[in-house]
Amino acid sequence: MQNILTIIGARPQIIKAAALSRAIKKHFADDIKETIVHTGQHYDANMSQVFFDEMGIPAPDFNLNVGSGTHGKQTATMIEKIEDLLMIKKPDYVVLYGDTNSTLAGAIAASKIHIPIVHIEAGLRSFNKSMPEEINRIMCDHSSTLLFTPTRTGLNNLIHEGFNAHAKPPFTADNPGIFHCGDIMYDNSLYYADIAVKKSQVMKTHGLSRHNFILATIHRDNNTDIPERLNSIFEALIEISSVHETEILLPLHPRTAKMLKKNLTTQRFKAVAESKRLKLIPPASFFDMLVLEKNCRMVMTDSGGVQKEAYFFQKPVIILRPETEWIEIVENKTGQITDAHQDKILQAFEYYNVHSNLKFPAVFGDGKAAEFICRKMLA
C-alpha cells in the first residue's frame, strides 16, 4: 500500500485533486491511501469549501489555516506546518499541483527531509521569472522524483533543462522520471461537464443566452495591482460591451474586487458600475465556470487554467498576459496574447468576432491522466 500525502491550497489545485482522488477510489483503492492537506492559502469560502462540497471531493484530513500574507510570510508558515505534518505521517510520496505558494512550500518541506515528490503539471514555463509562479514551478520540478507534464511542450522544456527522458527506475530526486500524461484538468472537464449542466443555474440567474456573451476573468496581481494595466483592460472591456453591444460576464476574484475602486480612475469605475452589458458577479463555482465556458462566445482571461478550459470547450481565448505556458493554444490560432494592451485586446476581439471556423486538435491527452499517474506511482 502506497501512502501519499496530497497538498492543495488554491482553487485550481482543489479541482485537480478531485481527478486523482476519484481515480484512486475507483481503480486503486487497494493500492493507494491518500491523505489530503489543505494549506488554507485561499481561505475565502467561495474560493475553497464550495469546491469540496460541490464536487464530492473528500474533506481534507488536515487544514493548516495559513490564510493570506506576503509571499515570504505565507510560504514560511506553510513550510513549518507541512514539515511538522510530514514528520508525523511519513508518506511514501508528497503530491503537489501546479505553481502556487502551497506547491513551493510542499516541495521545500518534503525535499529537506527526503520524502519523494510527485509534481503534477510539471514542465510548464512562461520564461518570465518576474512571475512568482514561474519560480515556484521551477523549484518544484527540480526537487521532484516523478514529474507529470500535460503537454509535449512541457516534456521538451524539462529535457532542455537537463532531465533525462530515458531515465530508468528506481527514480529518485537525482534520477527523476518525467512523463507526458495529458492534462488532469481535461479528466475533470469531461467528467463534470454533464453534471454541471444539471446542477448550475448560472445562465438563468444572469439572463445569459448561448454563444451570445464573453466570459472574462482577471486575478493576477500584476494586472489588478498596477493601475495602468487594470485601467487599460477595463477600458477595452467597456468599449467592447458598449460600442460593440456585447455582453461580458466577469466573475470577480476577491483581489480584483478589492482593487477596482482603488486602482480604476473615478470615471472608469463609474462606467463599470453603470454598465448594463458588463456584468460583475461573485466568484463562480467550478460547475458554473464549466457551464459559462461551454456556452460563451469567447473567453478573456489572465488565468492559465481558464485558458485550457476554453480550449477544452473549443472557445477562442484572449490572453491578458505577456506570455502563456500553453503555447499550443496560440500555435493553433485559438488564442491570442494581448497582455494588458487595450488596442491588442480590441484587435483580438474583432478577429475572433469574425473568425469562427477554428480547429482544436487534441493536444491535452485522452482524459485519463489521473489513472496514468497512479500507475506510475505504483510501478
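What the table shows:
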read-out	value
Residues of type lysines that Lys376 reaches as a straight line, Cα spacing below 26 Å, ignoring anything fewer than 8 places off in the same chain	Lys16, Lys25, Lys26, Lys33, Lys89, Lys90, Lys112, Lys168, Lys308, Lys368
Dipole axis of the range 194-237 (+1 Lys, Arg; -1 Asp, Glu on Cβ), positive-most option in Ile214, Gln201, Asn231	Gln201
Using alpha-carbon coordinates, inclination of helix 71-89 to the longest axis of the chain, degrees	30
Peptides 191-201, 95-105 ordered by average Cβ neighbours within 10 Å, highest first	95-105, 191-201
Between helix 184-199 and the chain: long-axis angle, C-alpha atoms, 0 to 90°, nearest 10	50
Residues of the range 269-303 with amide N under 14 Å of a point placed 7 Å along Cα→Cβ from Ser356	296-298
Gain in span if fully extended, Asn175 to Ile281, counting 0.36 nm per residue against the direct Cα distance	33.4 nm
All Cα pairs of the range 209-368, percent lying beyond 20 Å	46
The chain, dipole about Cα centre (Lys/Arg Cβ +1, Asp/Glu Cβ -1), debye to the nearest 20	580
Between helix 101-112 and the chain: long-axis angle, C-alpha atoms, 0 to 90°, nearest 10	10
Alpha-carbon centroid distance for the pair the range 330-345 / the range 124-159, whole angstrom	23
Positive-pole candidate from Leu346, Val272, His71, dipole of the chain, charges at beta carbon	Val272
Radius, Kirkwood style, for the chain when every pair of distinct Cα atoms is counted (Å)	21.2
Ranked list, fewest to most other Cβ atoms within 10 Å of each Cβ, for Glu80, Glu134, Glu325	Glu80, Glu134, Glu325
Overall form of the range 311-379 per C-alpha gyration tensor (a/c, 1.5; a/b vs b/c)	prolate
Net dipole in debye of the range 1-125 [+1 Lys, Arg Cβ; -1 Asp, Glu Cβ; about Cα centre; nearest 20]	160
Calculated Rg and Dmax of the range 86-133 using C-alpha coordinates, Å	11.9, 37
Additional length obtainable on full extension of the chain from Val330 to Arg255, 0.36 nm per residue less Cα span	24.3 nm
Dipole in debye (nearest 20) - the range 191-354, about Cα centre, beta carbon charges: Lys, Arg +1; Asp, Glu -1	680
The chain, helix-only ellipticity at 222 nm - DSSP H runs n ≥ 4, -39,500 (n - 2.57), divided by all residues, nearest 500	-14000 deg cm²/dmol
Relative contact order, percent, the chain [alpha-carbon distance under 8 Å, six or more residues apart]	15
Sites matching trypsin sites (Lys or Arg not before Pro) across the range 262-369 that sit in DSSP coil, with at most 10 neighbouring C-beta atoms within 10 Å	Lys276, Lys359
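Bear in mind that the values in this text are calculations on the coordinates, not laboratory data. Predicted model only: the values in this text are computed from it and were never measured. For neighbour counting, all protein chains shown are included, and Cβ atoms are generated from backbone atoms with ideal geometry for every residue, glycine included.
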